[in-house]
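Heads up: the structure comes next, in structure tokens.
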Amino acid sequence: MRTSRSETLVNYLILGIFALFALAPLATLLSSALGHDTGAPGGVANFATAWQQGHFGRSMLTSIVVSVVVVVAATTASTMTGYAFGTMGFRGSTPVFYLFLLGMMMPSEAIVVPLYFDLRSLHMTDTIWAIVLPQTAQSIAFGTFWLRTYFRTSSRELVEAARLDGLNSWQTLWRIVAPVGRPSILTLVVLEFMWTWNEFLIPLVMASSESLRTAPLGLAFFQGQYTQGFTLLAAGAVIVALPVVIAYVFLQRHFIAGMTEGAVK
């Protein structure tokens, strides 16, 4: 169905208005980060000052380590569980899948206190694993739901053809199905990275050491220490948000393809 020129113009106008609402706060934040304020040198030098005063180097490194471990572990496990639930029929699959959904629907606020005591009894609090393991479990729950939907709708013929060629389930997954489902898997990678990077509550509760502060925690403590002006806080917020923006820019083509593919199916 072809659209008229007027309809196209209206569509672009609506999209432009929504883009303006989305980008205006970002433009305001960036403008503030480059401005002048008490204790801020102004311009690009604000980022260097905020980086030094907020000790963002250490917190950014912690966030990078946590995000990489969570994304790699959760994506690998989600690919296998999503493939199993999406292409294999086995006894008890439905109740077990509902258990995964329960993990996805349970908010962090509801489980963080009992989880803290469980990890403390295992002498794991105030370690990197106390931050990584809960977020990995939450990401696996969503990843299983996401990839199960994809595998159920797109891989039946591929799986049957691979079995006729003599491939086992492991070979079929990693050599046939996973490469074809790369847009959906990379979409999951982007979502998991964004959620892990922005997670605040679990690192706050599970780790009290300054060396284990993630980037959002570092920004929060920086805000508590620096209250003379907004400029350096804005510069710190830009620093913390920059890795997510970079990841999305580099993977946006796959992200949009995965989201569009899921919507069409």
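The values are calculated or read from the model by the stated rules, or taken from the named source; none is laboratory data. All figures in this text were calculated on a predicted structure; none of them were measured in a lab. Every residue, glycine among them, receives a Cβ derived from its backbone with ideal geometry; neighbour counts consider all protein chains shown. Please note that ligands, DNA and RNA were not included when accessible areas were found on the heavy atoms of the full protein model with its side chains. Shrake-Rupley method; radii C 1.70, N 1.55, O 1.52, S 1.80 Å.
For the pair residue 44 and residue 24, how long in nm is the line joining their label points, each one 7 Å along Cα→Cβ?
3.0 nm
Assuming a viscosity of 0.692 mPa s and a temperature of 37 °C, what translational diffusion coefficient in µm² per second does Stokes-Einstein assign to region 1-86, Rh being the Kirkwood radius over Cα pairs?
183 µm²/s
Which percent of the accessible heavy-atom area of the chain goes to carbon and sulfur, probe 1.4 angstrom?
After summing per-atom areas, the C and S share lands at 67 percent.
Under a 1.4 Å probe, what is the accessible area of the chain per residue, stated in Å²? Let's see the in-between values first.
Working: 15240 Å² over 265 residues.
Here the residues of the chain average 57 Å² of exposed surface.
Take the Cβ-Cβ distance between residue 64 and residue 13 as r, set R0 to 45 Å, and report the resulting FRET efficiency rounded to the nearest 0.05. Present the calculation step by step, with values, prior to reporting the outcome.
Values: r = 40 Å, r/R0 = 0.89.
For residue 64 and residue 13, the calculated efficiency is 0.65.
Rounded, prolate or oblate, given the Cα gyration tensor of region 90-201, with a/c below 1.5 counting as rounded?
Taking the square roots of the gyration eigenvalues as a ≥ b ≥ c, region 90-201 is prolate.
Take residue 245, project a point 7 Å from its Cα along the Cβ direction, then tell me which residues of region 199-215 have their backbone nitrogen under 15 Å from it.
No residue qualifies, since no backbone N sits under 15 Å from the label point.
Tell me, what is the percent relative contact order of the chain, built from C-alpha pairs under 8 Å that lie six or more residues apart?
Dividing the mean separation by the residue count of the chain yields 33 percent.
Please give, to one decimal in nm, the separation of the simple spin-label points placed at residue 220 and residue 200, each 7 Å out from Cα toward the Cβ.
0.6 nm
Return the sequence-ordered ³J(HN,Hα) values of region 169-184 in whole Hz as given by the Karplus equation 6.51 cos²θ - 1.76 cosθ + 1.60 applied to θ = phi - 60°, using x for Gly and Pro.
With the stated coefficients, region 169-184 comes to 5, 5, 5, 4, 5, 7, 9, 10, 6, 4, x, 5, x, 4, x, 5 Hz.
When the convex hull of the C-alpha atoms of the chain is computed, what volume per residue in Å³ does it have? Please list the in-between numbers first.
On the way: hull volume 45.8 nm³, N = 265.
Each residue corresponds to 173 Å³ of Cα convex hull volume.
For region 6-12, what does the Karplus curve 6.51 cos²θ - 1.76 cosθ + 1.60, with θ = phi - 60°, yield as ³J(HN,Hα) per residue in whole Hz, taken in order and with x for Gly and Pro?
After applying 6.51 cos²θ - 1.76 cosθ + 1.60, I find 5, 5, 5, 5, 5, 4, 5 Hz.
Which of these, 191, 219, 242, has the largest mean-square fluctuation under a Gaussian network model of the chain (Cα springs below 10 Å)?
Comparing 191, 219, 242 in a Gaussian network model of the chain, the most mobile one is 242.
When ranked by the protection proxy of mean other Cβ atoms within 10 Å per residue, highest first, what sequence do the peptides 244-251, 129-136, 203-210, 90-97 form?
129-136, 203-210, 244-251, 90-97
Just the C-alpha atoms of region 75-126: what Rg/Rh do they give, with Rh taken as the Kirkwood radius? Walk me through the numbers before you get to the answer.
On the way: Rg = 14.8 Å, Rh = 13.3 Å.
Here Rg/Rh amounts to 1.12.
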